[in-house]
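Have a look at this one.
The values are calculated or read from the model by the stated rules, or taken from the named source; none is laboratory data. Please read these numbers as outputs of a predicted model, since none were measured by experiment. Note: ideal-geometry Cβ built from the backbone for every residue, glycine included; neighbour counts use all protein chains shown. For the accessible areas, the whole protein counts, side chains as well, though only heavy atoms, and no ligand, DNA or RNA atoms are used. Shrake-Rupley method; radii C 1.70, N 1.55, O 1.52, S 1.80 Å.
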Amino acid sequence: MDTHVQDGAEVPPEGSPTAEGSEGCCRRERRPAGQWTVAEVGAWLAARSGSAELAELAREHDVSGRALLRLTEGTLRRMGVAPRNRRRELLRELLRLRLQQEVEELLSIVGE
């Protein structure tokens, strides 16, 4: 379930949280990250890391979207994510994801 690059942009695998809907190019189905399956978390991690290693760790540890959003440096260390700078990079990506989720939620509240 790896992403691939098309025209310079990452294309998520079929069935991932950002995969296109059946109506074609401009329709995107997006569920909150907290509702992602283990497979969707794996796809997100693979896209961010450029390798399937983190996706495999997520599968081994049964990391759902809800668990993904709660990962800490200590949890990542216990899962075997090394070295430290890789954990820190992943934590930055997780922070971006959390912030994106918050912004989308706020925008949906105000109707934008």
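Does Ala55 fit the bill of being within 11 Å of the chain's Cα centre (by Cα), on the phi < 0 side of the Ramachandran plot and not charged (D, E, K, R)?
Against the criterion (within 11 Å of the chain's Cα centre (by Cα), on the phi < 0 side of the Ramachandran plot and not charged (D, E, K, R)), Ala55 qualifies.
Something else now. When the residues of segment 61-89 are narrowed to those that are within 16 Å of Glu40 (Cα to Cα), among the hydrophobic types (A, V, I, L, M, F, W, C) and assigned to a helix (DSSP H, G or I), which ends up least open to solvent (accessible area, probe 1.4 Å)?
So the residue we want is Leu68.
Ok, one more. For segment 68-112, which positions are aliphatic (A, V, I, L, M) and touching a residue at least 24 places away in the same chain (Cβ under 8 Å)?
Across segment 68-112, the qualifying residues are Leu68, Leu69, Val81, Leu90, Leu94, Leu97.
Looking only at residues that are in a helix (DSSP H, G or I) and over 15 Å from Val38 (Cβ atoms) in segment 48-60, which one is least open to solvent (accessible area, probe 1.4 Å)?
Among residues in segment 48-60 that are in a helix (DSSP H, G or I) and over 15 Å from Val38 (Cβ atoms), the one least open to solvent (accessible area, probe 1.4 Å) is Ser49.
I need every pair where a residue in segment 46-64 that is touching a residue at least 24 places away in the same chain (Cβ under 8 Å) has its Cβ under 9 Å from the Cβ of a residue that is small (Gly, Ala, Ser) and part of a loop (DSSP other than H, G, I, E, B), sequence separation at least 6 or different chains.
Ala46/Ala52; Ala47/Ser16; Leu57/Gly80
Further question: Inspect segment 27-40 for any residue being at pLDDT below 50 and not aromatic (Phe, Trp, Tyr) and give the result as yes or no.
Taking every residue of segment 27-40 in turn, at least one turns out to be at pLDDT below 50 and not aromatic (Phe, Trp, Tyr).
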